[in-house]
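Below you'll find the structure, written out as structure tokens, and then a few comments.
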Amino acid sequence: MSSHSTLSPLPHWSALPQRTPHPSPRSGAASCLCPSDNPTQLYMFGGYSGTIRVNDLYIYDFRDMTWSFVTPTTPWPGARENNGVLICSGTSVFVFGGYNGSRWLNDLWRFDSVGMRWTCME
């Protein structure tokens, strides 16, 4: 009887190419993958750059490895970090809460990934 065991390679992280435009360095950003909408896209909202809180939305496309900045066409959530939650449901991305630098927020926003529009839900 052999005591030989087969070990599989250890998982590891690898950096993906950063093409412009890409998000500025930040912490506290919220992100989600929307499998029911387009499983090749990652949505990222807000965060803290070290000096300011931001309220930008970027979409990363895994197919061509590029970031796209979403230019708001309607009112959108204010700057925040440590968003309570970022959830995808169908073609909607929801942002709830976060910290704006002076207080904790409890607002709920919906981003329609087809119409590319924000709506304040409450």
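Under a 1.4 Å probe, what is the accessible area of region 37-106 per residue, stated in Å²? Can you show the working numbers first?
Values: 3440 Å² over 70 residues.
Spelled out: the 1.4 Å probe surface of region 37-106, per residue, equals 49 Å².
Roughly how many percent of the accessible protein surface of region 49-104 is carbon and sulfur, given a 1.4 Å probe and a whole-percent answer? Intermediate values should be presented prior to the final figure.
Values: 1700 of 2920 Å².
Looking at region 49-104 in its full context, I get 58 percent from C and S.
Using each residue's phi in region 62-79, evaluate 6.51 cos²θ - 1.76 cosθ + 1.60 at θ = phi - 60° and report the 3J(HN,Hα) Karplus result to the nearest Hz, with x for Gly and Pro.
With coefficients 6.51, -1.76 and 1.60, one gets 5, 5, 10, 6, 10, 9, 10, 7, 8, 7, x, 10, 9, x, 9, x, x, 4 Hz.
Taking all pairs of different Cα atoms in region 48-87, averaging 1/r and flipping that mean, what Kirkwood radius in angstroms comes out? Each step should come with its number before you reach the end.
Working: mean 1/r = 0.0834 Å⁻¹.
Mean inverse Cα-Cα distance, inverted, gives 12.0 Å.
If you consider only alpha-carbon coordinates, what radius of gyration and Dmax does region 15-122 have, in Å?
Every Cα atom of region 15-122 included, Rg and Dmax give 13.2, 39 Å.
The values are calculated or read from the model by the stated rules, or taken from the named source; none is laboratory data. Bear in mind the structure is a predicted one, so any value in this text is a computation, not a measurement. Please note that ligands, DNA and RNA were not included when accessible areas were found on the heavy atoms of the full protein model with its side chains. Shrake-Rupley method; radii C 1.70, N 1.55, O 1.52, S 1.80 Å.
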